[in-house]
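Have a look at the structure below before the remarks.
Computed from the coordinates by the stated procedures, all read-outs in this text should not be read as laboratory data. Just so it is clear, the model here is predicted, and its values are computed rather than measured. Cβ: placed from backbone, ideal geometry, glycine included. Neighbour counts: every protein chain shown.
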């Protein structure tokens, strides 16, 4: 399960909070407690692992373990910057859950088989390396991902897989905060 969270604070591109927030959850800890916090505001810290180049609407945080990874979706009037990759960020936002079960996969598979180069509403975007270069309409690759998810559900011993993400309401980059503290001209 990929769980990592980053909370971004932006109002027309400026931070509202000058202090680093207290970390509510460690990313590795979040994996076990996430189900009880779905729909609630949480704060996490992690390293920005990837920012989607398609408009900066998503980024991914990682924790001390690479498997501790979570998608962060930009809130209203927010955009993430690829220059943040490798920086530590504190993110606050609403924890969301995407449940993938057999019904979800059946719907996704139907959409893939019916699409003719268009976009579809199902599917899982995990910020995989090279995803920006994938050709749209690669039906065989999507069908293979669906098959892989079916196998993962069987292997999990549960009837679904859960992927967690955070809808960001605010953020602080730790490096920015440290630079402000060292700037004596302010």
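First measure r as the distance between the Cβ atoms of residue 36 and residue 101, then evaluate 1/(1 + (r/R0)^6) with R0 = 22 Å and state the FRET efficiency to the nearest 0.05.
According to the calculation, E is roughly 0.65.
May I ask for the percentage of alpha-carbon pairs in the stretch 53-107 that lie more than 13 Å from each other? Intermediate results must be reported in sequence, preceding the final value.
Working: 1040 of 1485 pairs.
The calculated P(r) of the stretch 53-107 puts 70 percent of pairs beyond 13 Å.
How many nm is it between the label spots at residue 110 and residue 54, if each spot is 7 Å from the Cα in line with the beta carbon?
2.3 nm
If you rank 69, 58 by fewest surrounding Cβ atoms within 10 Å, what's the result? Don't jump to the answer; show the numbers that get you there.
Numbers: 69 25, 58 19.
Placing the least packed residue first, the sequence is 58, 69.
Subtract the Cα-Cα distance of residue 143 and residue 81 from 0.36 nm times their separation in residues, and report this length gain in nm to one decimal. Show your work: numbers first, answer last.
Details: separation 62, 0.36 × 62 = 22.32 nm, distance 3.14 nm.
Length gained, residue 143 through residue 81: 19.2 nm.
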